[in-house]
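Before any comments, here is the structure.
The values are calculated or read from the model by the stated rules, or taken from the named source; none is laboratory data. Remember, it's a predicted structure, so these values are computed and weren't measured experimentally. Backbone-built Cβ (ideal geometry, glycine too); neighbour counts: all protein chains shown.
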């Protein structure tokens, strides 16, 4: 079984974007109050949006299951206030649930949270509980920078975030640390903010001692860990200068990297530097980079090929493709058993 | 000859820091006006600060020449106003000049600029001219984020920066794109802001067409290019999605990466992915990561060892160690001839 731990619903029907556009347009009117969406999207529309995209690619590439969440750039936590974010998150998560219900063999849900800049993340707990307990989701995406490229929130190691972590441990769900769109004109979203978000989060974790307080907490750092594996020596050295334990002890019982690195040398580095126990297969499809690599003739984000070509033992490859996902997402097995 | 293109004067005498402390303390007093420093630092103090550090490491590691600039984190462009930045830059650059004068065989100067958040970078031109024409410097460090971790300046491809580029082309000097300290508590300076700065700048260059306007402009992106080489497939794919030429055509006639990557697998990736014509040897010593790697028994930042061990032809290794520096810093040869 090949489990892609990082897929987004980037192809959602236009009615979803129309609702969001209405939300954003409303922000300009001081008398406007956000309303919950009456989502008029039929199952056929959902099927059409998935069949020719994520499902087609699963079949073509030979992957089995995608751990599926709302479009990351679409989370837009910097837009509006916490209520706007709440209604938008509900509708996005509900739609993921419908995809997972229509295609229970192909998708398992992960939620976005109704984060809002400067708002106590406690506000996210009801939606997290709803998604896990009622919708059967197995994880969440946590945005370390709801300001959208200005980094105004405290580091992930700050007690500010602890209520979310307490709930995560209670529910036994991991978080992918994933920023959303950048509204900073200096910082391109998929080309800089995403990768910087990963790198920044990893360094926050090095500088803190979060997992002393939460030994059961699990984070996935996407996009191959940002810059971390390429600069592994730098990070080992910085941990040493900060008098932290070796990275294996300090972080690697709790932190995992996905394989959204879109060329063979990058995957070769990742699998050489990071233990196979800490790598989860992912492609981010349909995602940030959708073209065909002229050097290989295959899609950049067809990451399964790179893992297959990497110098890995069969056992390590199985960990990356399948076993680690069950370890990091403890609710995955029950979710699959239910289908 | 082995030329290290990225060294900072991180060991400057305490009198320099005392002047800076006085500057910063003065900012709190509304009646205070910044004063130029009367720098009471003797040659012996400079010698003492260099002999046991950069010079000792040059000798131990077998490198010949360091292209030397003020401490990057110390630039602190976010502190005070443009006048504060001006006086601080002058004193820092003067001190680099004194090091280069005392050790003409070992150091050649690169300047910091008196940048200040939101201030037209035209204000940097007199100091740049002074450093190149009067002090014999061969390059500059350009901070793409003088706000110190909040990214409030336009991208490097914006016309905002063009006056600096025009002067660079006229003087025939390259810029290392190097951020300074982060004053953002979410963003660690050497562990996140530096690397993110490199990645952000690289993506700004992909998204723009700067080198159409400035075909002779040259940039060095330090720290091995941030995350760029590790995510080379992502960047090739993003350039393609943005309808830009292949990276070789689009950027690699103008953009170079240094080798400040502190482990063998990282250097192996860099030298595999980026053409040897675009890589300049550097160690950033005495810099971000000062410890000994317990896995090798050598300093993390002893990057010469990694280049020597990388799968490179002798010709490519010579390019990286020496020849590319003469190409990217056209004033280097004359500077060496003068000594």
- [ ] Under 6 Å between Cβ atoms, at least 6 apart or on separate chains: pull out the pairs that start in segment B:247-274 with a residue that is more than 12 Å from residue B:224 (Cα to Cα) and end on any residue that is in a loop (DSSP other than H, G, I, E, B).
- [x] B:250/B:244; B:254/B:217; B:254/B:218
Open item on the list: Can you say whether residue B:92 is in contact with a helix residue (DSSP H, G or I) (Cβ under 6 Å, 6 or more places away or on another chain), surrounded by 22 or more Cβ atoms within 10 Å (Cβ to Cβ) and either part of a helix (DSSP H, G or I) or at pLDDT below 95 (or both), as far as the supplied structure shows?
Closed with: no
Task: Lone unmet requirement of (1) more than 14 Å from chain A (Cβ to nearest Cβ); (2) surrounded by 15 or more Cβ atoms within 10 Å (Cβ to Cβ); (3) more than 15 Å from residue B:223 (Cβ to Cβ) for residue B:337 - done: (2)
Open item on the list: Quick check on residue B:214: is it within 12 Å of another protein chain (Cβ to nearest Cβ), in contact (Cβ under 8 Å) with a residue 24 or more places away in the chain, within 25 Å of residue B:171 (Cα to Cα) and in contact with a helix residue (DSSP H, G or I) (Cβ under 7 Å, 6 or more places away or on another chain)?
Closed with: no
Open item on the list: Please pick out the residue among B:237, B:266 that is crowded, with 24+ Cβ neighbours inside 10 Å, within 22 Å of residue B:178 (Cβ to Cβ) and within 11 Å of chain A (Cβ to nearest Cβ).
Closed with: B:266
- [ ] For segment B:274-298, name all the residues that are out of contact with any strand residue (DSSP E or B) (no Cβ under 7 Å at 6 or more places or on another chain) and away from chain A (no Cβ under 13 Å).
- [x] B:275, B:276, B:277, B:297
Task: Complete set of residues in segment A:299-319 that are facing chain B (nearest Cβ under 10 Å) and either closer than 14 Å to residue A:275 by Cα or in contact with a strand residue (DSSP E or B) (Cβ under 9 Å, 6 or more places away or on another chain) (or both) - done: A:299, A:300, A:303
Open item on the list: For the condition more than 10 Å from chain B (Cβ to nearest Cβ), surrounded by fewer than 18 Cβ atoms within 10 Å (Cβ to Cβ), over 24 Å from residue A:323 (Cβ atoms) and at pLDDT 95 or above, what is the one hit in A:243, A:253?
Closed with: A:243
Open item on the list: Looking only at segment A:80-108, how many residues end up being touching a residue at least 24 places away in the same chain (Cβ under 8 Å) and within 15 Å of residue A:55 (Cα to Cα)?
Closed with: 11
Open item on the list: Suppose the filter is surrounded by fewer than 17 Cβ atoms within 10 Å (Cβ to Cβ) and either touching a helix residue (DSSP H, G or I) at 6+ places or on another chain (Cβ under 6 Å) or more than 30 Å from residue A:318 (Cα to Cα) (or both); does residue A:21 pass it?
Closed with: yes
TODO: Could you please find all residues in segment B:173-210 being touching a strand residue (DSSP E or B) at 6+ places or on another chain (Cβ under 8 Å), over 20 Å from residue B:249 (Cα atoms) and either within 8 Å of chain A (Cβ to nearest Cβ) or in contact (Cβ under 8 Å) with a residue 60 or more places away in the chain (or both)?
DONE: B:173, B:176, B:178
Task: Some residue of segment B:140-163 being more than 14 Å from chain A (Cβ to nearest Cβ), at pLDDT 95 or above, surrounded by fewer than 21 Cβ atoms within 10 Å (Cβ to Cβ) and over 27 Å from residue A:193 (Cβ atoms) - done: yes
Open item on the list: Restricting to segment A:21-67, name every residue that is within 23 Å of the chain's Cα centre (by Cα), assigned to a loop (DSSP other than H, G, I, E, B) and farther than 19 Å from residue A:109 by Cα.
Closed with: A:62
